[in-house]
Amino acid sequence: MTQSTHDKTVCLQLGSLVHKRRKQMGLTLQKLGDAAGVSVGYVSQIERGLAVPTLGTLAQIADGLDVTIEYFIKTPKPTDAISRAETRERFSVAGSSITYETLGSDYPGSEMSSYIMHVPAGYQSEIVSHEGEEIIFILDGQIEQTLDGQQFTMTAGDSLHYSGALPHSWANHTDKSARIHWTGTLSVFAKNQNRRPTTKREAKELS
């Protein structure tokens, strides 16, 4: 491979990552350009592999896409993808009683997210709809899932795969906590979102 061919490949790979991340966040070229402080035309050129930004400009674009610059330049290793039960990150969102365990790895271009959700007794979610799709698998306990007005009582071993565009909500109406394995194409938690780590003891208390 010649140097020019290699450079072109790098341009296309970088542009593809910028484009994919922008689409994941639902941003237009204009909105990303405004957030990054660069012109719409330049963002478009980057996405099409026609321009390579300086490191400083790439950092601005990364900030506009709510990722670090490593998102574009880091080469993932196989060891980055494994999740160990004893060291897995746990966190909760401020104001919520649900505790999450991160299963997926955040590598450049990844489109899926995956979590184990610890749902306390009596929890009721709001009704939401969004782009993408979701799969839920009940690990323990019982969940009442409502999908486009239809209710499903789900227990351990049950699963449901659905479009996020359908109005959906779920609840734990029992007196025991439940665990759900959630996987979806929605970027649920952006970098630096209002979330806090929890210890396993805290997670047990919250669930």
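The values are calculated or read from the model by the stated rules, or taken from the named source; none is laboratory data. Everything numeric here is computed off the predicted structure, so don't read it as measured data. When we count neighbours, we look across all protein chains shown, and the Cβ atoms used for this are built from the backbone with ideal geometry, even at glycine.
Per the conditions (1) part of a strand (DSSP E or B); (2) at pLDDT 95 or above, the sole criterion not satisfied by Arg196 is (2).
Close contacts from region 148-175, counting a first residue that is in a loop (DSSP other than H, G, I, E, B) and a second that is surrounded by fewer than 14 Cβ atoms within 10 Å (Cβ to Cβ) and of a type in the set (Val, Ile, Thr), with Cβ to Cβ under 7 Å and a gap of 6+ residues or different chains, come to Pro167/Ile127. With the requirement that a residue be aromatic (Phe, Trp, Tyr) and buried (at least 16 other Cβ atoms within 10 Å of the Cβ), what does region 120-161 give you? Answer for region 120-161, where residues must be aromatic (Phe, Trp, Tyr) and buried (at least 16 other Cβ atoms within 10 Å of the Cβ): Tyr123, Phe137.
For region 82-96, the criterion of a residue being at pLDDT 85 or above, hydroxyl-bearing (Ser, Thr, Tyr) and touching a helix residue (DSSP H, G or I) at 6+ places or on another chain (Cβ under 7 Å) is satisfied by no position.
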